[in-house]
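Every number in this text was worked out from the coordinates using simple rules, so none of it is lab data. As the structure is a computational prediction, the values presented were derived from the model and not from experiment. Reconstructed Cβ throughout: ideal geometry from the backbone, glycine too, with neighbour counts over all protein chains shown.
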Amino acid sequence: MKTALLVNTSGLGDIVSSLIVGNALLAEYRVSYLIPASFRGLFTDTPFGEFVDDSLPESDFDLVIDLVSNKKSRKIIRCLSSSAKIGRAKNRLQRLKLFRTYTASVPKHSPAGHIVWDYLPILNKLQLQANKRIYLETPYKGNGSGISVHVGAQRKIRRIPLELVIKLSKYCETRGIPLRLIGNEAYEVAQALRATNGYAYHEYGSLKDLKHWLVDSKAVIASDSGVFHLSSALRVPTLGLYGPNTYARSGSINACAEYVELDYECRPCNQNAECPFNNRCMTEIPFSAIESFLVRTTES
């Protein structure tokens, strides 16, 4: 069987979104991903092989695809041996000067709208059909007894407000539902544990552990984060609380994913700037919308 290596040095959510390419290749290729070392274990027990960027594969591949086309990924691509290489060119200047061996192109913002469809030029180049869903198959089985909430996010402005976590804890405690906190942001985790009087619990672990925790959840609540995308790819009922970004652009296309977002004219915004509205797109999300999701997924 032919072999393909997909290079993606982006964040977790972008890697999960790029499964639109990986899944489409599985019928004809034995597919591996090369990802940042910090995401080691993401593809353990899945149909995909896994390499990390601090240990490049020495084997040859029939096809190598650069899913990012940034400085780091281009450097990696040059070190790999393959009879065919495809990359993403984001504008004409890049195509002329930096992407001479790359044959797919994509504008900086896809006219198709959703971030997943940014990968369509690669699929079109390979004459592959895009799937309507993005799933990460795994043999993990869980009891589905509790709720997991991701209290972190790479950008602080996206993180779930502490007040909502407290209300979630009270909701779960009243009904005897276990509540697991997910996140490596130590300050946010400690804050949430204190505020929930020890009812919520938290564990640190690898991405392999995280997949087990998500699959073992009856429902997952997360902000616009990699955990949200991973959970929905694992077919777990997942609610995304979307603030600075719009769901239409950066949400999930999976059927098990739902979302809550408030319609403010300032969205989407520059997340590197201080919010003049006290982060209202997150702080004003009504708990009633979260409760409605929980009733459907945990009390049915």
Taking the Cα centre of each part, how many Å lie between segment 1-16 and segment 162-197?
33
I'd like the distance between the alpha-carbon centres of segment 25-77 and segment 233-300, rounded to an integer number of Å.
30
So what J values fall out for segment 5-12 if you push phi through Karplus, 6.51 cos²θ - 1.76 cosθ + 1.60 with θ = phi - 60°, rounded to Hz, Gly and Pro as x?
10, 10, 9, 9, 9, 8, x, 4
Exposure proxy ranking, count of Cβ atoms within 10 Å, fewest first, for 118, 14, 60:
60, 14, 118
Assuming a ≥ b ≥ c are the square roots of the Cα gyration tensor eigenvalues, decide whether segment 146-298 counts as rounded (a/c under 1.5), prolate (otherwise, with a/b larger than b/c) or oblate.
rounded
In segment 233-265, the chymotrypsin sites (Phe, Trp or Tyr not before Pro) that sit in a DSSP loop and have at most 14 other Cβ atoms within 10 Å of their own Cβ are 264
What ranking do 80, 168 get, fewest neighbouring Cβ atoms within 10 angstrom at the top?
80, 168
Counting sequence-distant residues (5 or more places) and residues on other chains, those with an amide H built under 5 Å from that of residue 30 are 2, 3, 4
Counting other beta carbons within 10 Å of each residue's own, what order do 213, 117 fall into, fewest first?
117, 213
For residue 156 and residue 81 in the same chain, what is the full-extension length gain: residue separation times 0.36 nm, less their Cα-Cα distance, in nm?
23.1 nm
Positive end of the charge dipole of the chain (Lys, Arg +1 and Asp, Glu -1 on Cβ, about the Cα centre): tell me which of 250, 183, 172 has its Cα farthest that way.
250
Note, segment 272-283: 3J(HN,Hα) by Karplus (6.51, -1.76, 1.60, θ = phi - 60°), whole Hz, Gly/Pro = x, goes 8, 9, 5, 6, x, 10, 6, 6, 5, 5, 9, 5
For the chain, which longest stretch is free of loop sites, where a loop site is one of the trypsin sites (Lys or Arg not before Pro) that DSSP puts outside H, G, I, E and B and that has at most 13 other Cβ atoms within 10 Å?
142-300
Applied in sequence order to segment 74-89, the curve 6.51 cos²θ - 1.76 cosθ + 1.60 (Karplus, θ = phi - 60°) yields integer Hz couplings, x standing for Gly and Pro, of 5, 5, 5, 4, 5, 8, 9, 9, 7, 7, 8, 10, 10, x, 9, 9
Convex hull over the Cα atoms of the chain, averaged projected area in nm²?
16.1
Between 276, 84, 298, whose Cα lies farthest towards the positive end of the dipole of the chain when Lys and Arg beta carbons carry +1 and Asp and Glu beta carbons carry -1, centred on the Cα centre?
84
Those GluC sites (Glu not before Pro) from segment 184-291 that are DSSP loop and have at most 16 other Cβ neighbours within 10 Å turn out to be 185, 203, 265, 274, 284
Let me spell out the model: positive unit charges on the Cβ of Lys and Arg, negative unit charges on the Cβ of Asp and Glu, origin at the Cα centre of segment 146-298. What dipole size does that give, in debye rounded to 20?
260
